Amino acid sequence: MNTLHNDSFQKRHIGPRAEDLKSMLQAIGVGSLDELIEKTVPPSIRLTSPMNLPPAIGEYEMLAELRALAAKNKIYKSYIGQGYYDTITPGVILRNILENPSWYTQYTPYQAEIAQGRLEALLNYQTMVMDLTKMEIANASLLDEGTAAAESMHMFHASANEGTGNKFFVASSCFAQTIDVMKTRANPLGIEIVVGDHTTFKPSKEYFGALIQYPAADGAIYDYAAFTQQCHEQGIYVAVAADILALTLLTPPGEWGADVVVGSTQRLGVPMGYGGPHAAFFATKDEFKRKMPGRIIGVTIDANNKRALRMSLQTREQHIRREKATSNICTAQVLLANMAGMYAVYHGPKGMREIGLRVHNRAVTLAGALVSAGYRQLNAVYFDTIKIDTGDAKTYDAIRSAALAAQINLCYHGSQTITIAVDETTGAKDIEILTQIFAKAKSASVTVKHSDLQTPSWGKPFVRQSAYLTHPVFNTYHSETEMLRYIKYLELKDVSLANSMIPLGSCTMKLNATTEMEPVTWAEFGGLHPFAPSDQTAGYQQLFSELESYLNAITGFAGTSLQPNAGAQGEYTGLLVIREYLKSIGQSHRHVALIPSSAHGTNPASAVMAGMQVVVVKCDDMGNIDVKDLRAKAEQYKNELAALMVTYPSTHGVFEEAIHEICEIIHANGGQVYMDGANMNAQVGLTSPAMIGADVCHLNLHKTFCIPHGGGGPGMGPICVAKHLVPFLPGHAVVKTGGNKAMTAVSAAPWGSASILLISYVYIRLMGAAGLTDATQYAILNANYIRARLKDHYDVLYVGKNGFVAHEMIMDTRGFKTTANIEVIDMAKRLMDYGFHAPTVSFPVAGTLMVEPTESEPKSELDRFCEAMISIRNEIREIENGQAHKEDNVLKHAPHTAETVVSDTWTHAYTRETAAFPLPTLRTNKIWPSVGRVNDAYGDRNLICSCPPVESYA
């Protein structure tokens, strides 16, 4: 036995064992893994040398290196504010949600019957947001505050009355990063951003919308009621970027006329993480419910007329509306939204108000002390942030030097103004230290008098009068015992990777290893403010530099931006970089994006948001891009062609042989090639986007590179680009990033969701070039093994030239509608009875299942899934040959709950045992859906998006 590399992570990550390989290859019909790859991946695009990556490292060594890396970050006490605040994550939430694989390995809750736990948690979140903002509807989170503000602008633009102007007003008192993102999102659509003082703004018909900050970036609180009324009189919609904690004390925007309220829930127990991930909120009026971005959780009933939850109004989302969508939002921030919602559940209305009041009292105390020391405090009304005029540059500099010496970060403006934002972690001792720093700079002596206001001294119209968080869910679980059991109660309703494989095509639900996840919650990574001075963030800077070099090596490209904080954001950013490049060479008139008909819905939605005209390219009978149609359209639009958006391998699960020719056609007609990185799990180490001829790609780090899906986020979508596009990589208004001709920011934070980049960094280091290549090969092996095992039962719609699939396949289930009255959704629901989350349903081909097993699943789990699929096929055969009823059968009534199976009344033509235990193995390992089949139509007709009355839970 070789004991030199006993700590090899590769054998932990890849599922099939060495002893399984022979039988799997035999089932597939090839003699070796190399032969399978040679027959699957076109030789013309194969890499000829290994990727230039560091050698693999063991898990123990990796953690030691990470400790050294973490030590390079300096955790100063932060009073910077500007949308990011230190917070206290309750231990019961930290351990049982953020660090719990049963929560962080869940997928987006498309299969509602096995997702009722996180759906309830998200409904709590929506209710919290609606209560605190006093708006009529809220979604289940967006990516960050800047993006949420930009989404409000898009929604207003789509809703504006005919004849309304194309200007959008942004108050100069908004956060700088938000203004930057707004500029980015406005420019491609021809929207003119006008930044100015809201107190002197003159509303007119030239404008369709406005954005204001509440409280303002410098901490001041303004009465916006008159401003909002004046805007409405001119037909201008008003969005408010609000501080969610301040709303526990402040009059909510919904009570003075706001049309949309956005913001971040970061300070509700979610670490700063050097910028993310954090859940943004978006709340609006009922009239916008069919235009608002993001996912909405709603209440419905199941087949047994029991209360159930589901994602509502999906027909307005990008995967349905495609180029007609007003938003490309796909991934949200579900894991972080669940944490924030649970924070409100744990603290309740009284606790939330006490936290807000404690924060405010600290600010009042500090303001009083500094005024006593001889400073001017400039904010007449404030919540947590005071604005100090130091009087002169000398005093300003002395304070700055003393604060840094005390390991304190303040927010500095110009040459004599400083803002100080206190937070939940600020204690009495902290106020004393701050006071002494300021007092010493003026040679003053001050005695701190601690404020203990029971109500803010703001008076009308600022002090909140309305109640919030009145639902029992926010007034029950306030001891740790109760909270722990509530979290566990919800957890047990859901299927995650902790239960079984999740074979979702195009989603890459692979292992999220514990060692990869562990450093995310370390204080040295979680406790940094994104605008901390760069000399305090050396550990992160090294992480970014090394990760960028690894991603460059993997993709074959010259540069990387880590800023896009979701896959759809990466798509959008890649197209904007192309747009900026074309502009720089005098080709700004190029605006056509060619997109295959099989593309994911985010592709056309992103293209339209980037100011491009979508032209759809056909696919042939083999599932490949129709090269003849592509050539014709590229030549037809040769003077306007900007880009082709192509997924590789295709969304049909094959490596297209003509990919080089496809890219050459685009380049020959003046366009650039954007490669969607959704299927990079079949490329790494075998080929690369640069090798196939692309100019830019985005990478779903939450797929290929092991960031967990979190039940619907977080995700990360960095882009990698060829040399000529590097200068245009996105910059940032506060921290220098990007190329020397950087476009404005696409995300609120300079490096997006920085803290979870650790996961992908660790994965690459643990695997090394050889391990990553093996992972790709085993992903292809596992997919072809499933195909081989199921070939006598299901047809695979598309295969490559030699009869093999890539890392996923489309199983054709359409014929069962004719032969047995069984639709693909019936099969998806029946799989729940077998303990599995369904594969991807009806994408990219309606009525089919797309299966992707990933390399992490062992042969035993692949076999278990195949046995379930074979059993379901036999159940369909029983309907086809008349043994089972066409309506009253196990598929039409799936899934079956425990309550249904043990009920005194059983009227079905099949047995309880057939319903619950179709395979013997389920007797000892059974996952019970907590509700019957949900009624989607009822939920959309009777839209309820907040916690319903407690009686409905009975």
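The values are calculated or read from the model by the stated rules, or taken from the named source; none is laboratory data. Computed from a predicted model, the values in this text were never measured in an experiment. Every residue, glycine as well, gets a Cβ built from its backbone with ideal geometry; the counts of neighbours run over all protein chains shown. Areas reflect the complete protein model, heavy atoms only, side chains present, ligands, DNA and RNA absent. Shrake-Rupley method; radii C 1.70, N 1.55, O 1.52, S 1.80 Å.
Ordered by packing density, taken as the mean number of other Cβ atoms within 10 Å over each peptide's residues, highest first, how do 800-806, 445-451 rank?
On the way: 800-806: 19.4, 445-451: 13.9.
Top of the packing list down: 800-806, 445-451.
From the protein chains alone at 1.4 Å, what is the descending order of accessible area for 928, 103, 906, 751, largest first?
Details: 928 80, 103 0, 906 55, 751 30 Å².
Largest to smallest exposure gives the sequence 928, 906, 751, 103.
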Taking R0 as 22 Å and r as the Cβ-Cβ distance between residue 470 and residue 940, the FRET efficiency 1/(1 + (r/R0)^6), rounded to the nearest 0.05, comes to 0.25
Computed, not fitted: 222 nm per-residue ellipticity of the chain from DSSP H runs ≥ 4 (each -39500 (n - 2.57)), nearest 500, equal to -11000 deg cm²/dmol
Violations at 20 Å Cα threshold for listed pairs 618/703; 77/183; 306/892 -> 618/703; 77/183
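Report the equivalent ellipsoid semi-axes for the stretch 673-824 in whole Å, largest first, defined as the square roots of five times the eigenvalues of the gyration tensor built from alpha carbon atoms. Mind dumping the intermediate values first?
Values: eigenvalues 260, 66, 54 Å².
Each semi-axis is √(5λ); the values are 36, 18, 16 Å.
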With Cα coordinates, the longest principal axis of the chain makes an angle with the long axis of helix 480-491, in degrees rounded to 10, of 40
Relative to the chain, whose Cα atoms define the longest principal axis, helix 18-28 and its Cα axis are tilted in degrees, nearest 10, by 60
In whole percents, the bins of 10 Å from zero upward hold the Cα-Cα pairs of the stretch 800-954 as 9, 34, 35, 18, 4, 0
Toy charge model, Lys and Arg Cβ at +1, Asp and Glu Cβ at -1: the stretch 101-346 dipole around Cα centroid in debye, rounded to 20, equals 700
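With +1 on each Lys and Arg Cβ and -1 on each Asp and Glu Cβ, and nothing else charged, work out how big the dipole of the stretch 708-819 is about its Cα centre, in Debye to the nearest 20. Spell out each step's value before the answer.
Details: 10 positive and 5 negative charges, 50 e Å.
Roughly 240 debye for the stretch 708-819.
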Rounded to the nearest 0.05, FRET efficiency between residue 622 and residue 172 (Cβ-Cβ, R0 56 Å) equals 0.50
For the table 11/39; 205/583; 205/387; 350/449; 510/791, the rows whose alpha-carbon distance is greater than 27 Å are 205/583; 205/387
For the pair residue 48 and residue 88, the simple spin-label estimate (label points 7 Å beyond Cα toward Cβ) gives in nm 6.3
For the stretch 214-291, averaging the sequence separation of alpha carbon pairs under 8 Å that lie six or more residues apart and dividing by its residue count, the contact order in percent is 24
Percent antiparallel among DSSP beta bridges confined to the chain, nearest 5, equals 55
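For the stretch 633-704, run through the trypsin sites (Lys or Arg not before Pro) and keep only the ones in DSSP coil with at most 16 other Cβ atoms within 10 Å of their Cβ.
Values: sites: 633, 638, 703; in loops: 638, 703.
Sparse-neighbourhood loop trypsin sites (Lys or Arg not before Pro): 638.
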Taking 0.36 nm per residue of separation between residue 885 and residue 923 and subtracting their Cα-Cα distance, the length gained on full extension comes to 11.2 nm
So the pair-distance distribution of the stretch 101-346, from every Cα-Cα distance in 5 Å bins, comes to percents of 1, 7, 14, 19, 20, 16, 11, 7, 3, 2, 0, 0
If each part is reduced to its alpha-carbon centroid, the stretch 411-482 and the stretch 630-689 end up apart, in Å, by 54
Under the 7 Å Cα-to-Cβ spin-label approximation, residue 542 and residue 189 lie apart by a distance in nanometres of 4.3
Treating only Lys and Arg (+1) and Asp and Glu (-1) as charged, each at its beta carbon, one finds that the chain has a dipole about its Cα centre, in Debye to the nearest 20, of 1160
Note: probe point = Cα of residue 523 + 7 Å toward Cβ; backbone nitrogen < 15 Å; residues of the stretch 419-455 passing the test are 425-427, 430
Dividing the mean separation of Cα pairs under 8 Å (6+ apart) by the residue count of the stretch 101-346 yields a relative contact order in percent of 28
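Just to confirm the filter: which GluC sites (Glu not before Pro) across the stretch 189-245 are DSSP coil and have at most 16 other Cβ within 10 angstrom of their Cβ? Working shown, then result.
Numbers: sites: 192, 206, 233; in loops: 206.
Hits after loop and neighbour filter: 206.
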Across all Cα atoms of the stretch 224-320, Rg and the largest Cα-Cα distance (Dmax), in Å, are 16.8, 50
Under the 7 Å Cα-to-Cβ spin-label approximation, residue 197 and residue 481 lie apart by a distance in nanometres of 6.0
Correct semi-axes for the stretch 36-180, from √(5λ) of the alpha-carbon gyration tensor and rounded to whole Å with the largest first, are 38, 27, 24
At the level of C-alpha centres, the distance separating the stretch 372-404 and the stretch 715-759, in angstrom, is 33
Sorting 153, 465, 200 by the position of each Cα along the dipole of the chain (Lys, Arg +1; Asp, Glu -1; all at Cβ), the one nearest the positive end of that ordering is 200
The rounded separation in angstrom of the Cα centers of the stretch 220-281 and the stretch 40-64 is 46
Taking only protein heavy atoms and a 1.4 Å probe, the highest-to-lowest accessible-area order of 285, 829, 39 is 39, 285, 829
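Could you rank the peptides 84-94, 675-685, 595-605 by their average count of other C-beta atoms within 10 Å per residue, with the highest value first?
Working: 84-94: 19.7, 675-685: 26.5, 595-605: 24.0.
Ranking, from highest mean packing down: 675-685, 595-605, 84-94.
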Among 456, 481, 514, the residue whose Cα sits farthest towards the positive end of the charge dipole of the stretch 445-530 (+1 at Cβ of Lys and Arg, -1 at Cβ of Asp and Glu, taken about the Cα centre) is 456
Rounded to whole angstroms and listed largest first, the alpha-carbon spread of the stretch 327-419 along its three principal axes comes to 49, 35, 28
Descending packing, highest mean Cβ count within 10 Å first, for 60-68, 561-569, 489-497 is 561-569, 489-497, 60-68
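Which value, to two decimals, describes the C-alpha radius of gyration of the chain once divided by 2.2 N^0.38 Å?
On the way: Rg = 27.9 Å, N = 954, 2.2 N^0.38 = 29.8 Å.
Here the answer is 0.94, to two decimals.
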Averaged per residue, the 1.4 Å probe accessible area of the chain, protein heavy atoms only, in Å², is roughly 34
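If you take the C-alpha gyration tensor of the stretch 564-685, multiply each eigenvalue by 5 and take the square root, what semi-axes do you get, largest first, in whole Å? All intermediate terms of the calculation are to be shown ahead of the outcome.
Numbers: eigenvalues 88, 64, 30 Å².
Each semi-axis is √(5λ); the values are 21, 18, 12 Å.
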Note: probe point = Cα of residue 413 + 7 Å toward Cβ; backbone nitrogen < 15 Å; residues of the stretch 349-384 passing the test are 376-384
Of the stretch 443-486, those with amide N under 13 Å from the point 7 Å along the Cα→Cβ vector of residue 372 are 444-452
Projected onto the charge dipole of the stretch 525-624 (unit charges on the beta-carbon of Lys, Arg, Asp and Glu, signs +1, +1, -1, -1), the Cα from 542, 569, 554 with the largest positive-side position is that of 569
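Report the full-extension gain for the segment residue 488 to residue 206: residue separation times 0.36 nm, less the Cα-Cα distance, to one decimal in nm. Mind dumping the intermediate values first?
Values: separation 282, 0.36 × 282 = 101.52 nm, distance 5.30 nm.
Roughly 96.2 nm would be gained on extension.
Could you order 651, 773 by accessible surface area, starting with the largest, using a probe radius of 1.4 Å?
Working: 651 5, 773 30 Å².
Putting 651, 773 in descending order of accessible area: 773, 651.
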For residue 394, the lysines lying under 21 Å Cα to Cα, once residues fewer than eight places off in the same chain are dropped, come out as 440, 442
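Extension gain residue 661-residue 67, at 0.36 nm per residue separation less the Cα-Cα distance, in nm?
Details: separation 594, 0.36 × 594 = 213.84 nm, distance 4.75 nm.
That pair, residue 661 and residue 67, stretches by 209.1 nm at full extension.
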For the chain the mean separation of alpha carbon contacts under 8 Å (6+ apart) over residue count, i.e. relative contact order in percent, is 20
Taking every C-alpha to C-alpha distance in the stretch 113-231 and binning by 5 Å from 0, the per-bin percentages run 2, 10, 17, 20, 20, 15, 8, 5, 3, 1, 0
